[in-house]
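**Q** Next up is a structure, given as structure tokens.
The values are calculated or read from the model by the stated rules, or taken from the named source; none is laboratory data. Source: prediction; values computed, not measured. Note that we place each Cβ from the backbone using ideal geometry, even for glycine, and neighbour counts take in every protein chain shown.
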Amino acid sequence: MKEEDFSAFLQLQEQEEEVFKRERYLERLKKRIKELDQSINEILEEQTILIAELNQIIEAIREEDQKVRRCKENLKRCKEREKLVKKVEEYKALLREKAKNEDCIIKGEQTLRELRQKRKAIEDRLQDKDKKKKLKRMEEEKEELIKEREEVERELKHQREKLELLRASLSQDIVQEYEKLKQAVGFPPIVKADIMGTCSSCGTKLPSMLYSKLIKGEKVRCPNCGKILY
């Protein structure tokens with residue numbers, strides 16, 4: 001291979017590596033942002049569900065409290081009427097009504113205690129400081145990563161433009177030959193050999209004839225993977 005052709009191949013490869021490096025990093029950024037989005041949404045959805053449950057419990061407390069108040073008022077009236085009752089049947093009916101309201105008050109107050117305990121438990125979960133800190137950290141990390149993603153996207157655009165300018169500046173025969181080599185052996189098509197004459201891509205040790213050419217400064221092809229060694 002001519003030295004100028006090799007130099008052009010190496011320029012193309014190095015510029016493509018700059019593009020690929022940023023593409024890979026951009027993918028990692030996007031993946032992390034997506035993971036953060038999912039985690040943040042899970043916490044926010046949990047909070048939305050808890051708030052809905054809390055509102056239902058608050059409404060249930062209001063309704064149960066009103067019910068207990070009505071029963072207490074009815075019981076109070078029953079006690080007042082008790083002084084005026086003269087007939088046995090009226091007295092028995094009044095006792096039944098009193099018992100009904102007393103039962104309503106006992107059960108209602110028990111229900112209120114249970115509802116208030118549930119309300120307190122949900123409020124505690126909504127005020128969980130550790131979860132709030134975790135949410136804040138994730139939101140801050142996401143914000144920083146979005147800024148970084150935008151910067152990498154700009155740099156990637158710049159590197160792609162440099163690659164296109166480089167391709168345009170080279171002979172189309174050279175560019176096509178480089179693309180054929182890349183399709184045949186994969187990226188990168190040019191790799192270094194170590195001081196013992198071993199291909200850094202596939203680990204194949206070069207035959208002595210190829211190794212001799214290599215140490216003389218010639219570019220050779222790995223007999224196993226076909227990449228250009230230097």
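**Q** Go through the stretch 124-156 and count every residue that is under 26 Å from Gln38 (Cβ atoms) and either in contact (Cβ under 8 Å) with a residue 24 or more places away in the chain or touching a strand residue (DSSP E or B) at 6+ places or on another chain (Cβ under 8 Å) (or both).
**A** Residues that pass the stated criteria total 16.
**Q** Taking the stretch 164-189 as the region of interest, how many residues are loosely packed, with under 15 Cβ neighbours inside 10 Å, assigned to a helix (DSSP H, G or I) and not charged (D, E, K, R)?
**A** Of the residues in the stretch 164-189, 7 are loosely packed, with under 15 Cβ neighbours inside 10 Å, assigned to a helix (DSSP H, G or I) and not charged (D, E, K, R).
**Q** Here's a follow-up. Would you mind finding the one in Ile43, Ile57 that is in a helix (DSSP H, G or I) and under 19 Å from Lys132 (Cα atoms)?
**A** Going through Ile43, Ile57 in turn, the sole match is Ile43.
**Q** Test of understanding: among Lys92, Lys30, Lys21, Lys76, which residue is assigned to a helix (DSSP H, G or I), in contact (Cβ under 8 Å) with a residue 12 or more places away in the chain and among the basic types (Lys, Arg)?
**A** Result: Lys30 is the single residue among Lys92, Lys30, Lys21, Lys76 that is assigned to a helix (DSSP H, G or I), in contact (Cβ under 8 Å) with a residue 12 or more places away in the chain and among the basic types (Lys, Arg).
**Q** Follow-up question, since we're still on this one. What do you reckon, is Leu115 touching a Lys or Arg at 6+ places or on another chain (Cβ under 8 Å) and at pLDDT 95 or above?
**A** no
**Q** Here's another thing I want to ask about it. Among the listed residues Ala60, Ala8, which satisfies the condition of being over 30 Å from Ile174 (Cα atoms), of a type in the set (Gly, Ala, Ser) and either in contact with a Lys or Arg (Cβ under 9 Å, 6 or more places away or on another chain) or surrounded by 11 or more Cβ atoms within 10 Å (Cβ to Cβ) (or both)?
**A** Result: Ala60 is the single residue among Ala60, Ala8 that is over 30 Å from Ile174 (Cα atoms), of a type in the set (Gly, Ala, Ser) and either in contact with a Lys or Arg (Cβ under 9 Å, 6 or more places away or on another chain) or surrounded by 11 or more Cβ atoms within 10 Å (Cβ to Cβ) (or both).
**Q** Follow-up. Looking at Glu90, Glu109, Glu73, which is the one that is loosely packed, with under 12 Cβ neighbours inside 10 Å and acidic (Asp, Glu)?
**A** Glu73
**Q** Here are some conditions: (1) in contact with a Cys (Cβ under 7 Å, 6 or more places away or on another chain); (2) outside any loop (DSSP other than H, G, I, E, B). Asn224 meets all but one. Which one does it not meet?
**A** Unmet for Asn224, out of (1) in contact with a Cys (Cβ under 7 Å, 6 or more places away or on another chain); (2) outside any loop (DSSP other than H, G, I, E, B): (2).
**Q** Look at Glu155 and say whether it is at pLDDT 95 or above, touching a helix residue (DSSP H, G or I) at 6+ places or on another chain (Cβ under 9 Å) and in a helix (DSSP H, G or I).
**A** So Glu155 passes the test.
**Q** If you go through the stretch 144-159 one residue at a time, do you hit one that is more than 30 Å from Asn41 (Cβ to Cβ) and crowded, with 17+ Cβ neighbours inside 10 Å?
**A** yes
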